[in-house]
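Engineer: Dumping the structure here so I can ask a few things about it.
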Ligand SMILES: Cc1cc2nc3c(=O)[nH]c(=O)nc-3n(C[C@H](O)[C@H](O)[C@H](O)COP(=O)(O)OP(=O)(O)OC[C@H]3O[C@@H](n4cnc5c(N)ncnc54)[C@H](O)[C@@H]3O)c2cc1C
């Protein structure tokens, strides 16, 4: 019997495991499948490789639920330095970050101030940044945050999750401010009172939301990125776009580093927009557990490798 999605998502939040698992050598090795390394430099090397294949990237410096505003300031400075490096290297690399990495748990206003700093610097450098979406307890706050920050700056996108029942309404409420949206299925453990429990239902909702977003993209020119590795969904999105007269180069997919890499290159080759999200940093444990939970067979693969050695 394999390890279930729920067990892995529970493990992602367990402090005892959080303090032990990242120290294990074989886990440190296994995590490399999903990230090029812990430093900016390693991430930049990977981005340059993608760039050669015609694939721009998005960077996330791993971290979430920080405990002090000092850490929030440090993380902000990290992103400011990163933006300058990207600009100096003349690379097409956007940024995406979690609001709890810059203090949303501690102060809405302070995190807004810090995010604005990053967004402003990105704007000066002609770059865009996204807001990751976290578990459902943050969705209201994150949308309020997005609306507030969009009052002054336009270079910001928001990620939303198809597994939540509420997302179509959220999208409809956001349309007036011309959002940039990255649509994903959703990576957290959520109750069936607020999220579709079956993957087939999530997929159906993903397509329902995609159709709405593609129409909005055609009518209002909003930027929409489909953040999924699900090739069947990608096909349906392509077909739907074609049906309503959207050109290939208006369809953007976003995928994670290390997952379905050949298909990423193929999308670029076929004339679609594709952007790869590269995560890096030392604080990879909860993020890595969520990646394992997306495909619990990943764990079996790791265990088999250990016992084979
Ligand atoms: C660019 C991007 C940004 C994201 N940002 C967020 C965010 O801000 N908030 C959030 O909640 N979630 C985020 N996610 C994660 C997302 O919610 C899903 O958990 C994740 O993408 C897996 O769903 P899927 O759409 O790929 O479909 P699935 O049905 O889960 O997977 C489809 C197929 O892709 C492959 N696959 C998927 N995941 C993996 C994996 N980890 N390892 C190996 N193979 C895999 C498998 O072959 C699987 O059969 C993001 C995902 C992407 C691609």
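Engineer: Test of understanding: among 26, 50, 59, which residue is touching a strand residue (DSSP E or B) at 6+ places or on another chain (Cβ under 7 Å) and in a helix (DSSP H, G or I)?
Structural biologist: Just a single option satisfies the conditions, and that option is 50.
Engineer: How many residues, within the stretch 253-280, are closer than 23 Å to residue 82 by Cα and either assigned to a helix (DSSP H, G or I) or within 9 Å of the ligand (Cβ to nearest atom) (or both)?
Structural biologist: Here the count works out to 7.
Engineer: Also: List the number of the failed condition for residue 21; all other conditions in (1) within 23 Å of residue 229 (Cβ to Cβ); (2) touching a residue at least 40 places away in the same chain (Cβ under 8 Å); (3) out of contact with any strand residue (DSSP E or B) (no Cβ under 8 Å at 6 or more places or on another chain) hold.
Structural biologist: (1)
Engineer: A follow-up question, please. Where in the stretch 106-178 are there helices (runs of 4 or more DSSP H), lying fully within it, with 3 or more residues that are within 16 Å of the ligand (Cβ to nearest atom) and within 19 Å of residue 62 (Cα to Cα)?
Structural biologist: It comes to none.
Engineer: Being without any contact (Cβ under 8 Å) to a residue 60 or more places away in the chain and either outside any helix (DSSP H, G or I) or away from the ligand (no atom under 16 Å from the Cβ) (or both) narrows it down to one residue among 64, 73; which is it?
Structural biologist: 73
Engineer: Filter the stretch 182-215 down to the residues that are in a loop (DSSP other than H, G, I, E, B) and more than 12 Å from the ligand (Cβ to nearest atom), then identify the one that is nearest to residue 146 (Cα to Cα).
Structural biologist: 194
Engineer: Right, something else. Restricting the stretch 114-144 to residues that are more than 17 Å from the chain's Cα centre (by Cα) and within 26 Å of residue 202 (Cβ to Cβ), which is surrounded by the most Cβ atoms within 10 Å (Cβ to Cβ)?
Structural biologist: 141
Engineer: How many of the residues making up the stretch 216-252 are farther than 18 Å from residue 294 by Cα, within 12 Å of the ligand (Cβ to nearest atom), touching a helix residue (DSSP H, G or I) at 6+ places or on another chain (Cβ under 8 Å) and not in a helix (DSSP H, G or I)?
Structural biologist: 0
Engineer: Going by the conditions given, is residue 95 touching a helix residue (DSSP H, G or I) at 6+ places or on another chain (Cβ under 8 Å), under 24 Å from residue 289 (Cβ atoms), touching a residue at least 12 places away in the same chain (Cβ under 8 Å) and more than 14 Å from the ligand (Cβ to nearest atom)?
Structural biologist: Taking the combined requirement at face value, the residue does not satisfy it.
Engineer: Quick one: which residue in 245, 227, 271 is in contact (Cβ under 8 Å) with a residue 40 or more places away in the chain and either surrounded by fewer than 19 Cβ atoms within 10 Å (Cβ to Cβ) or touching a strand residue (DSSP E or B) at 6+ places or on another chain (Cβ under 7 Å) (or both)?
Structural biologist: One residue alone meets the criteria, 227.
Quick note: the coordinates plus some simple rules give every number you see, no bench work behind them. Keep in mind it's a predicted model, so treat the numbers as computed, not measured. Please note: Cβ atoms are built from the backbone with ideal geometry, for glycine as well, and neighbour counts cover all protein chains shown.
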